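Every read-out reported here was derived from the displayed coordinates using simple, explicitly stated rules and does not represent laboratory data. Remember, predicted model here, so these are calculated numbers, not experimental data. Glycine also receives a Cβ, built like all others from the backbone with ideal geometry; neighbour counts cover every protein chain displayed.
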Amino acid sequence: MKINTRPSQPSLAERLRKAGIRHFDELIHDQKKDWLIKNFPPGREKYPVNVTKLIRNLLWQMKERIASEEKPPFKELLRTYWYMYVKPTLARAGALSGKTDQYKQLSEYLAGLVRIYQVMQYKDIGFRDDNEVYRKVG
């Protein structure tokens, strides 16, 4: 009799490391440019910071703060999160782009944390669905 074995899923710590996420005691979105550059040094991108890692860490930190009840669930649209946390942080870091749709990147990075890295779920932060009004029956 052959037992079907699947490789075990990497631990949460391994998946976070692979996504470039780590814990910060400081609130990332409140930090000055020098701190952001030091903690998110540029990768292959043309920005002073690694935008991918910065956005992923902003999302993860919000999830951590909500899970620890330091902050209530967000209960707003992802676009609101963009304007409150991500856009000002990117601007302060000198990494806001006029050419790239960084809001779309935020959405893609969130989807990646949920689907690819499997480190969180959409409900962990409490984002509202942009299209919920169209999903009502009747």
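Before moving on, here are some points about what is shown:
- Theoretical gain in end-to-end length, Phe24 to Lys75 [0.36 nm per residue, Cα-Cα removed]: 16.0 nm
- Of (i) 2, 9, 18, 21, 19, 13, 7, 4, 3, 2, 1, 0, 0; (ii) 2, 9, 18, 19, 15, 12, 10, 7, 4, 3, 1, 1, 0; (iii) 2, 8, 15, 16, 14, 12, 11, 10, 7, 3, 1, 0, the label for P(r) over Cα pairs in 5 Å bins from 0, in percent derived from the coordinates: (i)
- A simple spin-label model places pseudo-atoms 7 Å from Cα toward Cβ; at Ile116 and Ala67 they are separated by 2.0 nm.
- Listed values for segment 76-91 are Karplus-derived 3J(HN,Hα) couplings in whole Hz (6.51 cos²θ - 1.76 cosθ + 1.60, θ = phi - 60°), namely 9, 6, 4, 4, 5, 4, 4, 6, 7, 10, 7, 4, x, 5, 4, 4, and x replaces Gly and Pro.
- Each Lys and Arg Cβ is given +1 and each Asp and Glu Cβ -1; about its Cα centre, the chain then shows a dipole of about 480 debye.
- Fluctuation leader among Val86, Val51, Val114 - the chain, Gaussian network, Cα springs under 10 angstrom: Val114
- Fluctuation leader among Ala91, Ala19, Ala111 - the chain, Gaussian network, Cα springs under 10 angstrom: Ala91
- Sorted fewest first by neighbouring Cβ atoms within 10 angstrom, Phe127, Phe40 come out as Phe127, Phe40.
- For the chain, built as a Gaussian network whose Cα springs stay under 10 Å, the top-fluctuating residue of Arg56, Arg22, Arg44: Arg44
- With each label modelled as a point 7 angstrom along the Cα→C-beta vector, the Ser97-Asp129 pair spans 3.0 nm.
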